[in-house]
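Following: one structure in structure tokens, then a few remarks.
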Amino acid sequence: MAWLTLMFAGMFEVVGVLGMNRIKRDRNKMAYLIFITGIVLSFACLSLAMRDLPMGTAYAIWTGIGTVGGALVGMFFFGESKEWRRVLFIGMVLAAAVGLKLIS
């Protein structure tokens, strides 16, 4: 259950990043609401997950999901670069997250 909660924490982190991007473009109340909601739910889920998972592992996975999720959303929805080196390093972040899961 802790791993599922951690996955939700990472997904809400991506929602918070989307909110940041929207604030950069619009600066309206909805943009701030998306950002704040995403970040609050992300931290809440992360704190719940850390009840059963080691802090270092949970934090690394959470930041990995947020980093990869934010990069993929940027690439697919906001026209950011899809250069092969960028995709390679995203794959390396994912490999590291899987490795942490396997040894935890």
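I'm told D52 meets every condition in (1) under 21 Å from A2 (Cβ atoms); (2) in a helix (DSSP H, G or I); (3) not aliphatic (A, V, I, L, M) except one. Can you identify the failing condition by its number?
D52 satisfies every listed condition except (2).
Looking at region 31-52, which of its residues are hydrophobic (A, V, I, L, M, F, W, C) and closer than 23 Å to E80 by Cβ?
Residues of region 31-52 hydrophobic (A, V, I, L, M, F, W, C): 31, 33-36, 39-41, 43-46, 48-50.
Across region 31-52, the qualifying residues are A31, I34, F35, I39.
Give me the pairs: first residue in region 29-46 and buried (at least 18 other Cβ atoms within 10 Å of the Cβ), second residue of a type in the set (F, W, Y), beta-carbon distance under 7 Å, and six or more apart or on different chains, which are they?
As it stands, the answer is G38/F12; S42/F12; C45/F8; C45/F12; L46/W62, since those pairs meet every condition given.
Please state which one of V73, V87, V68 is aliphatic (A, V, I, L, M), surrounded by fewer than 18 Cβ atoms within 10 Å (Cβ to Cβ) and within 15 Å of the chain's Cα centre (by Cα).
Values: V87 fails: within 15 Å of the chain's Cα centre (by Cα); V68 fails: surrounded by fewer than 18 Cβ atoms within 10 Å (Cβ to Cβ).
Of V73, V87, V68, the one residue that is aliphatic (A, V, I, L, M), surrounded by fewer than 18 Cβ atoms within 10 Å (Cβ to Cβ) and within 15 Å of the chain's Cα centre (by Cα) is V73.
Does any residue in region 82-104 that is free of Cβ contacts under 8 Å to residues at least 12 places away in the same chain and farther than 15 Å from G10 by Cα come within less than 8 Å, Cβ to Cβ, of a residue that is surrounded by 10 or more Cβ atoms within 10 Å (Cβ to Cβ) and not hydroxyl-bearing (S, T, Y) six or more places away or on a different chain, and which pairs are these?
The qualifying pairs are K82/M75.
Quick check on N21: is it among the polar types (S, T, N, Q) and out of contact with any Gly (no Cβ under 9 Å at 6 or more places or on another chain)?
Values: among the polar types (S, T, N, Q): yes; out of contact with any Gly (no Cβ under 9 Å at 6 or more places or on another chain): no.
No.
Identify all residues within region 57-81 that are among the small types (G, A, S), without any contact (Cβ under 8 Å) to a residue 24 or more places away in the chain and farther than 20 Å from R22 by Cβ; write none if there are none.
Listed by number, the list holds a single entry, S81.
Name the residue, out of G16, G10, that is closer than 23 Å to G99 by Cβ, in contact with a helix residue (DSSP H, G or I) (Cβ under 8 Å, 6 or more places away or on another chain) and surrounded by 15 or more Cβ atoms within 10 Å (Cβ to Cβ). Steps first, answer last, please.
On the way: G16 fails: closer than 23 Å to G99 by Cβ.
Every option except G10 fails the conditions.
The numbers here are math on the coordinates, done by the rules we state, and not lab data. Note that the coordinates shown come from a computational prediction; the quantities given were computed from them, not determined experimentally. Cβ sites come from the backbone with ideal geometry, for glycine too, and all protein chains shown count toward neighbours.
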